[in-house]
Amino acid sequence: MRRIIHERIVARLLTINDTPRAIALGTSIGLFLALTPTVGIQVLLALVICTIVRANRLAAVALVFVSNPVTMLPIYWVDYVLGCWVSGIAPIDHATFDANWAVVWQRVSDAGMIEGVMEGARVLLGDIGRPMMIGGSLLGAILALPLYPITRRGVIAHRKRREARHAVDRLKELRAEASTDPLAEPHRPARPPSELHPEVESPGEVQLDEVH
């Protein structure tokens, strides 16, 4: 699981060509949306929000897919329970929640794009949707806020390590070229000016001539 997360999310984030601030902000936005019951419009919301606040859209979309057909139902159950706890509402049991959500998901899937969005909005305003939205927003904020500085520092540290490796590799290349170049002149110690230009008298000789 850790390898999958690193390959599909972390590695992609570190290779994005953008500022650390934009990448970190994009990841926070994407994770926040992934933990809210906005399936179906999460990518659209991520693109719009990132365009407004100048965050990286690729980073946001990568984190949006934390919520997928495999993880969606467990995430939404946590959203619902947390929202009920905050709102002081007694939650329904897990099996009933799964059954109700299956019916809702089938209605949204069978409807067209516009009708699906309207059906989703109606669900979010219902008895199950309101606690889910409250809990998802709270959970998203709790996890997305600390993700920003973590991602920003991680991107900066990764780029520094990459620049250091490139500098070391370049130095090795230069040394290899110098050792294999037959035309490269060996290093010689500097010669005094009197040897380079015999006609120039040394300071001692000048002083002796002046005395005589």
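Throughout, read-outs are computed from the coordinates displayed, never taken from laboratory work. Remember, predicted model here, so these are calculated numbers, not experimental data. Because the Cβ atoms are built from the backbone with ideal geometry, glycine has one as well, and the counts that use them run over all protein chains shown.
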**Study point:** Environment charge at LEU73 (Cβ cut-off 15 Å; Lys +1, Arg +1, Asp -1, Glu -1)
**Key:** -3
Point to revise | Calculated FRET efficiency for the pair VAL168/THR71, C-beta based, R₀ 45 Å, to 0.05 | key: 0.65
Practice item. Note down the net charge around LEU25, summing +1 for each Lys or Arg and -1 for each Asp or Glu among other residues with Cβ under 15 Å from its Cβ. Key: +4
Review point. Could you put PHE32, PHE65, PHE97 in order, starting from the residue whose Cβ has the fewest other Cβ atoms within 10 Å?
Key: PHE65, PHE97, PHE32
